[in-house]
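Undergrad: Starting off with a structure, shown below.
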Amino acid sequence: MLSGKRILLIVSGGIAAYKALDLIRALRKRGAAVRCVLTKAGARFVTPLSLAALSEDKVYGDLFSLTDESEMGHIRLSREADLIVVAPASADIMAKYAAGMANDLATTVLLAADKPVLMAPAMNHRMWGAKATRENLAILKRRGVLTVGPDEGDMACGEFGTGRMAEPQDILAAIEAHFGAGAPLSGRRALVTSGPTYERIDPVRYLANRSSGRQGHAIAGALARAGARTILVSGPTGEPDPPGVDVRRVETAEEMLAACRAALPVDVAVCAAAVSDWKIANARPQKIKKGGQAPQIKLADNPDILKLLAAAGKRRPRLVVGFAAETENLIANAKAKLKAKGADWIVANDVSAKGGAMGGPDNKVHLVTKSGVESWPRLNKNEVARRLTLQIVGALAGKT
Ligand code: C5P
C-alpha cells in the first residue's frame with residue numbers, strides 16, 4: 001500500500017501519455033495522493049481534464065500562470081511530494097533535466113526538486129539508442145535518478161525496438177519498491193552482480209561467456225520488490241532493467257569491482273555474475289591485424305569480486321551470497337567455494353548442457369550454507385529469486 005504517499009506525476013509529451021491515466025488510477029487505488037504537472041507537449045496527448053478527474057486535484061501546466069504561482073509556487077510542488085515520477089519521460093525532458101534547463105514548469109520543478117525522481121522513459125528506439133540519450137541517462141543515473149523501463153516491443157511509429165514506456169503496473173512496482181511499501185526489506189540495501197563480463201582483447205574483440213544475466217536480474221528485481229534499495233551491477237546483457245532497481249552497467253571485471261565497491265555499504269550482496277576468471281594481459285589499444293603469425297593472447301587473473309566483498313572488513317555486507325556454476329561435483333565444489341571465498345551462502349547450479357541453466361528460463365539450485373545443503377526443485381529463475389529473497393529476509397531479520 002502507498003497510503004499517505006504523495007506523488008508528483010510529470011506527464012511529458014509522447015503517445016505513452018495515455019498510460020499515465022492508468023498509473024494515476026492504480027496509485028490512487030493504493031492510497032497515494034497524486035498531483036500532476038502536464039507539459040505543453042503532454043497536453044497534446046492527454047487532456048488536463050482527464051488527469052484532474054482521476055487525480056482529483058488541480059493539474060499544473062504553465063510556469064507563468066500568475067494564479068498558480070501565487071497559489072502554489074513551483075518550489076512547493078516538489079516540497080509537497082514524497083516522490084516525483086516522470087511518466088512518460090521523453091528524450092527531450094531527459095535532455096533538459098540532464099542539462100539543468102528550466103524553461104517550463106516541469107523542468108523547473110525537476111531542477112528545484114529536493115525529492116527523489118523516478119523516470120519512465122518513452123521514445124522511439126533510435127532516440128533511446130542515440131548517444132545523446134545514453135549520455136543524458138548516465139548523467140541522470142549518476143545523480144541518483146531512478147528509472148523504470150523502457151520495454152522492448154512494437155512501437156507506435158510502426159517500428160520494433162526498445163523504447164516503449166514500462167507498463168503502469170511495472171512503474172507502480174518501481175514506486176512501491178522505492179517506498180518499500182510495508183515490505184520486509186524496507187530500509188535495507190542490496191547489491192547484486194549479474195551477467196557476464198567482457199574482457200577486451202582489442203577495441204573490437206573480447207573474451208566472454210554464455211551468462212544471460214537472467215538469474216541475477218531476477219534476484220535484483222525480487223529484492224527491490226521486497227523493499228530493498230537495490231543496486232544491480234550488470235555486465236553486458238540483453239535483459240531489461242528490473243523495475244525499481246538502480247542498474248549500473250559495466251563491461252570488465254575490474255569495472256564491476258569498482259562499481260561494487262562504490263555501492264557499499266550494503267546489507268546483502270548477491271554475486272550472481274559470471275565474472276571472467278581472466279583478463280587479457282596483453283590487450284591492444286588498436287585492432288589486431290590478421291596476417292602473419294596468429295597473435296598470442298596472454299591471460300592474467302581477474303580480481304575475485306565475491307572474495308573481496310566477503311573480506312571487506314568493516315564494509316563487509318552482513319550477508320554475502322555467491323553462486324557456483326559447475327558442470328561436475330556440484331555440491332562438493334560449492335562447499336569448497338563457500339570456504340575459499342569467505343561467503344555465507346553459495347547457490348550451486350549445474351551449468352552443464354543438460355542442466356540448461358545458462359540462458360534458459362529455469363534453474364535447479366542447491367543452497368549451500370555453513371549449516372547444510374538445501375536442494376530446491378527445478379524452478380523458473382523468477383521463483384528461484386523469490387525463494388532466495390525470502391531466505392535473505394529471514395537471515396537479515398533482527399540484524400541491525
Ligand atoms: O570461482 P567461481 O567463478 O566459480 O565462483 C563463482 C562465484 O564467485 C560467483 O558468485 C561469482 O559471481 C563470483 N566471482 C566473482 N569474481 C570473480 C569470479 C567469480 O565475484 N572474479
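Undergrad: Here's a check for you: in region 307-330, which residue that is among the basic types (Lys, Arg) and out of contact with any strand residue (DSSP E or B) (no Cβ under 7 Å at 6 or more places or on another chain) is nearest to Leu396 (Cα to Cα)? So that I can check it myself, show each step before the final result.
TA: We begin by selecting, within region 307-330, every residue among the basic types (Lys, Arg); these are 307, 314-316, 318.
With the extra rule that they be out of contact with any strand residue (DSSP E or B) (no Cβ under 7 Å at 6 or more places or on another chain), the set shrinks to 307, 314-316.
On the way: Lys307: 20, Lys314: 17, Arg315: 16, Arg316: 14 Å.
The extreme case among them is Arg316.
Here is a yes/no grid of residues against (1) within 24 Å of Thr369 (Cα to Cα); (2) modelled with pLDDT under 95; (3) more than 16 Å from the ligand (Cβ to nearest atom); (4) not assigned by TED's automatic domain parsing to the domain that holds Ala208:
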| residue | (1), (2), (3), (4) |
| --- | --- |
| Lys279 | no, no, no, no |
| Asn282 | no, no, yes, no |
| Lys289 | no, yes, yes, no |
| Ile297 | no, no, yes, no |
| Asp301 | no, no, no, no |
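Undergrad: Which pairs turn up if I take residues in region 163-175 that are open to solvent by less than 10 Å² (accessible area, probe 1.4 Å) and look for partners that are aromatic (Phe, Trp, Tyr) with beta carbon separation below 9 Å, at least 6 apart in sequence or on another chain?
TA: Gly163/Trp128
Undergrad: On to the next question. Do we find a residue being free of Cβ contacts under 8 Å to residues at least 12 places away in the same chain and over 20 Å from Asn124 (Cβ atoms) anywhere in region 23-34? Walk me through it before giving the result.
TA: Let us first name the residues in region 23-34 that are free of Cβ contacts under 8 Å to residues at least 12 places away in the same chain, namely 29.
Narrowing further to those that are over 20 Å from Asn124 (Cβ atoms): 29.
For region 23-34, residues free of Cβ contacts under 8 Å to residues at least 12 places away in the same chain and over 20 Å from Asn124 (Cβ atoms): present.
Undergrad: So is Ala310 at pLDDT below 95 and within 10 Å of the ligand (Cβ to nearest atom) or not? Spell out how you get there, then give the answer.
TA: Numbers: at pLDDT below 95: no; within 10 Å of the ligand (Cβ to nearest atom): yes.
Answer is no for this residue.
Let's see how each residue does on (1) within 12 Å of the ligand (Cβ to nearest atom); (2) at pLDDT below 95; (3) not assigned by TED's automatic domain parsing to the domain that holds Val270:
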residue: Leu338; (1), (2), (3): yes, no, no
residue: Ile346; (1), (2), (3): yes, no, no
residue: Asn349; (1), (2), (3): yes, yes, no
residue: Gly355; (1), (2), (3): no, yes, no
residue: Met358; (1), (2), (3): no, yes, no
residue: Leu367; (1), (2), (3): no, no, no
residue: Ser371; (1), (2), (3): no, yes, no
residue: Glu374; (1), (2), (3): no, yes, no
residue: Leu379; (1), (2), (3): no, yes, no
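Undergrad: Sticking with this one: Considering only region 184-232, how many residues are in contact with a strand residue (DSSP E or B) (Cβ under 8 Å, 6 or more places away or on another chain), of a type in the set (A, V, I, L, M, F, W, C) and more than 14 Å from the ligand (Cβ to nearest atom)?
TA: 6
Undergrad: Here are some residues: Ala95, Ala120, Ala106. Which one is under 15 Å from Arg35 (Cβ atoms) and in contact (Cβ under 8 Å) with a residue 12 or more places away in the chain? Walk me through it before giving the result.
TA: Numbers: Ala95 fails: under 15 Å from Arg35 (Cβ atoms); Ala120 fails: under 15 Å from Arg35 (Cβ atoms).
Step by step, each of Ala95, Ala120, Ala106 is checked, and only Ala106 is under 15 Å from Arg35 (Cβ atoms) and in contact (Cβ under 8 Å) with a residue 12 or more places away in the chain.
Undergrad: Let me ask another. What pairs come up if the first residue lies in region 315-339 and is closer than 17 Å to Thr193 by Cα, the second is polar (S, T, N, Q) and in a strand (DSSP E or B), and their beta carbons are under 9 Å apart, counting only those six or more places apart or on different chains?
TA: Phe323/Asn349; Ala324/Asn349; Ala325/Asn349
Undergrad: To continue, here is another question. Restricted to region 365-400, and to residues that are assigned to a strand (DSSP E or B) and touching an Asp or Glu at 6+ places or on another chain (Cβ under 9 Å), which residue is most open to solvent (accessible area, probe 1.4 Å)? Even if it seems obvious, please write down each step before you answer.
TA: Taking region 365-400 and keeping what is assigned to a strand (DSSP E or B), we get 365-369, 372-375, 379-380.
After this cut, where a residue has to be touching an Asp or Glu at 6+ places or on another chain (Cβ under 9 Å) as well, the list is 365-369, 379-380.
Numbers: Val365: 2, His366: 29, Leu367: 6, Val368: 1, Thr369: 32, Leu379: 24, Asn380: 68 Å².
The selected residue is Asn380.
Undergrad: Quick one: in region 122-162, of everything that is open to solvent by 40 Å² or more (accessible area, probe 1.4 Å) and closer than 18 Å to Asp82 by Cα, which residue is farthest from the chain's Cα centre (by Cα)?
TA: Arg143
Undergrad: I'd like the full set of residues that are under 25 Å from Ser211 (Cα atoms) and away from the ligand (no atom under 16 Å from the Cβ), limited to region 246-277. Give the derivation first.
TA: Residues of region 246-277 under 25 Å from Ser211 (Cα atoms): 246-264, 266, 268-277.
Passing the criteria: Asp246, Val247, Arg249.
Undergrad: Hey, which of the strands (runs of 3 or more DSSP E) in region 17-121, taking only ones fully inside, have at least 1 residues that are farther than 24 Å from Arg164 by Cβ and open to solvent by 50 Å² or more (accessible area, probe 1.4 Å)? Give the steps one after another, and end with the answer.
TA: Values: elements: 33-38, 83-89, 117-121.
Counting at least 1 such residues, we get 33-38.
Undergrad: Additional query: Inspect region 238-245 for any residue being of a type in the set (Val, Ile, Thr), more than 16 Å from the chain's Cα centre (by Cα) and away from the ligand (no atom under 15 Å from the Cβ) and give the result as yes or no. I'd like the intermediate steps shown before the answer.
TA: First, the residues of region 238-245 that are of a type in the set (Val, Ile, Thr): 245.
Next, from what is left, pick out any that are more than 16 Å from the chain's Cα centre (by Cα): none.
Looking for residues that are of a type in the set (Val, Ile, Thr), more than 16 Å from the chain's Cα centre (by Cα) and away from the ligand (no atom under 15 Å from the Cβ), one finds none in region 238-245, hence no.
The values are calculated or read from the model by the stated rules, or taken from the named source; none is laboratory data. Computed from a predicted model, the values in this text were never measured in an experiment. Note that each Cβ is placed from the backbone with ideal geometry, even for glycine, and that neighbours are counted across all protein chains shown. The protein model used for the area step is the full one, side chains on, heavy atoms only, and it has no ligands, DNA or RNA in it. Shrake-Rupley method; radii C 1.70, N 1.55, O 1.52, S 1.80 Å.
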